[in-house]
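First the structure, in the form of structure tokens, and then the observations on it.
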Amino acid sequence: MASKADSFFIPNWPVPDSVGSAISLRYGGVSEEPYSSNNMALHVGDSPASVQANRASLVARLNLTRPPVWLDQVHGVDVIYAPNAKGTTEADGSYSDKAGVVCAVMTADCLPVLLCNKQGSKVAVVHAGWRGLAAGVVRNAVAKFRSHDGPLMAFLGPAIGPCAFEVGAEVQQEFLDNAQSQPHRQVISGAFTPSDNIGRKDHYLADIYALARGELNSCGVFDIYGGDDCTFSNPERFYSYRREPVIGRHASLIWLKEA
């Protein structure tokens, strides 16, 4: 949990002592309207000086020894090795097995998924909008962990909730077309509820958390935490692109701590 004075919260999941994680909140920064106040993104029209100040404050408050590896996110499926990143790389996820390297993604309705192995020797994070989630960005991140890395756990960060995420039938079909098995198809079907919005034929309310859990389960990941924050319905704590198209972004970070 976080107080009003905090600019981030620490995810509540039983990670090994060697793993650090944090997710920034909307408040506690210096950005002015409409980005108030803790925007982490340079690409949304906010003052670059404000964004850099917000990022620097987060790094300082988390006692990180270097800035996160920021990505140019494109709703794709590429997951890069963060220690080798040069500048800002086009990708929607990163992973690391090196202490001190901070993996990061930015979201404002899309789902951030944090991953680590229970040995505490490797971490990853992905930006899972519906396109990337359906196309396999989560399974690509899971594939970066090898058999000798042992079992994994995941944390689902703040994202748009099922009460607000209305989509067309083509979104459901995209997920069904990329299902990994018949049981996975059943989970996908159950994550879409027909919308009662008059005049919106063939529209559904989608549960992105259920879709992510189904994807993770199909990849052999069953220890899953989080998934209980709706960005759309909590404007005080969270940014939401669907609620306010001109808005800031949260940062979700994960790293291996230095000795």
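Each reported figure results from applying straightforward, stated rules to the coordinates on display, with no laboratory input. This structure is a prediction, so every number in the text was calculated from the model and none was measured. Don't worry about glycine lacking a Cβ; one is built from the backbone with ideal geometry, like all the others, and counts go over all protein chains shown.
Could you check which residue among S96, S37, S189 shows the biggest mean-square fluctuation in a GNM of the chain with a 10 Å Cα cutoff?
Ranking S96, S37, S189 by mean-square fluctuation puts S189 first.
Determine, for K98, K144, the number of other Cβ atoms within 10 Å of each Cβ, and report the residues in order from fewest to most.
Lowest to highest Cβ neighbour count: K98, K144.
Divide by every residue of the chain the summed helix terms, -39500 (n - 2.57) for each DSSP H run of at least 4, and state the resulting mean residue ellipticity at 222 nm, rounded to the nearest 500 deg cm²/dmol.
That calculation yields -6000 deg cm²/dmol at 222 nm.
Based only on other Cβ atoms within 10 Å, what is the fewest-to-most ordering of I160, I10, I208, I80?
I10, I80, I208, I160
Using DSSP to call loops (not H, G, I, E or B), can you name the GluC sites (Glu not before Pro) in segment 117-213 whose Cβ has at most 16 other Cβ atoms within 10 angstrom?
Here no GluC sites (Glu not before Pro) fit, given the DSSP loop and packing criteria.
Select from L62, L111, L176 the residue whose mean-square fluctuation is largest in a Gaussian network model of the chain (Cα-Cα springs shorter than 10 Å).
L62
Return the label of the correct value of mean projected area of the Cα convex hull in nm², as calculated from the structure shown, out of (i) 14.5; (ii) 17.3; (iii) 13.4.
Recomputing mean projected area of the Cα convex hull in nm² here gives the entry labelled (iii).
How many angstrom lie between the C-alpha centres of segment 1-67 and segment 226-259?
Using only Cα atoms, the two centres lie 10 Å from each other.
Set Lys and Arg Cβ to +1 and Asp and Glu Cβ to -1, take the dipole of the chain about its Cα centre, and tell me which of N117, N140, F155 lies farthest positive.
The residue sitting farthest along the positive end of the dipole is N117.
Placing +1 on the Cβ of each Lys and Arg and -1 on the Cβ of each Asp and Glu in segment 1-72, which of L71, S36, N12 has its Cα farthest towards the positive end of the resulting dipole?
N12
Order of V187, V113, V142 from fewest to most other C-beta atoms within 10 Å?
The most exposed by this proxy come first: V187, V142, V113.
Identify the trypsin sites (Lys or Arg not before Pro) of segment 1-89 meeting these criteria: DSSP loop state and at most 10 other C-beta atoms within 10 Å of the C-beta. Please report the intermediate quantities before stating the final value.
Values: sites: K4, R26, R55, R61, K86; in loops: K4, R26, K86.
When the trypsin sites (Lys or Arg not before Pro) of segment 1-89 are filtered for loop state and at most 10 Cβ neighbours within 10 Å, K4, K86 remain.
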